[in-house]
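Engineer: First the structure, then my questions, so here it is.
The values are calculated or read from the model by the stated rules, or taken from the named source; none is laboratory data. Quick caveat, the model's predicted, so the values are computed rather than measured. Positions of Cβ are generated from backbone atoms using ideal geometry, with glycine treated the same way; all protein chains shown enter the neighbour counts.
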Amino acid sequence: MEKKTCSTSLAVKTSHVLPPDTNSYGTLFGGKLMAHIDDVAAIAASRHARKPVVTASTDSVDFLAPVKEGHSICIEAFVTWTHKTSMEVFVKAVTEDLRTGERRVCATAFLTFVAVDEDGKPSPVPEVVPETDHEKKLHELAAVRAKQRIERRKQSKEFAQEFGTDYPWNSRGK
């Protein structure tokens, strides 16, 4: 399988922030931003793998600045690291005041996607080759993030096992 550069997977989406997208403070709903992030990251992962992908995890979405009604939101995503069937995608969201031109990074996130075959089974992906200094930095630190993901997933499974499917307060005596 031929290796691919980070830039091969680059996906960009710009949207206008309209009133239905905002909360009572006139800023973009966090969930709406998260949906944009997942959408663009999935495109980047699919572009890299040239296969269907599923979201395996979102490490975090750090909201750094508000996105106001009437501004734009631009989401950029690209694959930073790969394993056998999985891909880490870095996402940066930039908000722009369309009147003044002021731009601010409003969120960053790392998501993991798994490529799947026609039967929905994990499928191999090409390695990624970083070229720029930023890409190299993200790539070099990816193994640490992957290890943290494994630990977090283990903890999530433990919580799922402990709490089960019932609402905790309904399971008296536990």
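Engineer: Tell me yes or no: at least one residue of segment 94-109 is under 17 Å from HIS48 (Cα atoms), touching a residue at least 24 places away in the same chain (Cβ under 8 Å) and not acidic (Asp, Glu).
Structural biologist: no
Engineer: Still on this structure, I have one more. Quick check: anything in segment 48-67 buried (at least 16 other Cβ atoms within 10 Å of the Cβ), over 30 Å from GLU118 (Cα atoms), within 16 Å of the chain's Cα centre (by Cα) and modelled with pLDDT of 95 or more?
Structural biologist: No, every residue in segment 48-67 fails to be buried (at least 16 other Cβ atoms within 10 Å of the Cβ), over 30 Å from GLU118 (Cα atoms), within 16 Å of the chain's Cα centre (by Cα) and modelled with pLDDT of 95 or more.
Engineer: Also, quick follow-up: Does HIS36 satisfy being modelled with pLDDT of 95 or more, assigned to a helix (DSSP H, G or I) and either under 17 Å from HIS139 (Cα atoms) or more than 14 Å from the chain's Cα centre (by Cα) (or both)?
Structural biologist: In short, no.
Engineer: Here are VAL79, VAL105: which of them is β-branched (Val, Ile, Thr), at pLDDT 95 or above, more than 23 Å from ASP119 (Cα to Cα) and in contact with a helix residue (DSSP H, G or I) (Cβ under 7 Å, 6 or more places away or on another chain)?
Structural biologist: VAL79
Engineer: On to the next question. So, in segment 108-151, how many residues would count as being exposed (fewer than 14 other Cβ atoms within 10 Å of the Cβ), assigned to a helix (DSSP H, G or I) and of a type in the set (D, E, K, R)?
Structural biologist: 5
Engineer: Among residues belonging to segment 156-174 that are farther than 25 Å from ASP59 by Cα and in a helix (DSSP H, G or I), point out the one that is modelled with the highest pLDDT.
Structural biologist: Per the stated criteria, the residue is ASN170.
Engineer: State whether the residues of segment 65-88 include one that is under 16 Å from SER9 (Cβ atoms), among the small types (Gly, Ala, Ser) and part of a helix (DSSP H, G or I).
Structural biologist: Among the residues of segment 65-88, not one is under 16 Å from SER9 (Cβ atoms), among the small types (Gly, Ala, Ser) and part of a helix (DSSP H, G or I), which makes the answer no.
Engineer: Give the residues of segment 56-97 that are touching a Lys or Arg at 6+ places or on another chain (Cβ under 6 Å) and of a type in the set (D, E, K, R), sorted by residue number.
Structural biologist: Of everything in segment 56-97, those that are touching a Lys or Arg at 6+ places or on another chain (Cβ under 6 Å) and of a type in the set (D, E, K, R) turn out to be GLU76, GLU96.
Engineer: For segment 38-47, enumerate the residues that are surrounded by fewer than 20 Cβ atoms within 10 Å (Cβ to Cβ) and among the small types (Gly, Ala, Ser).
Structural biologist: Selection gives ALA42, SER46.
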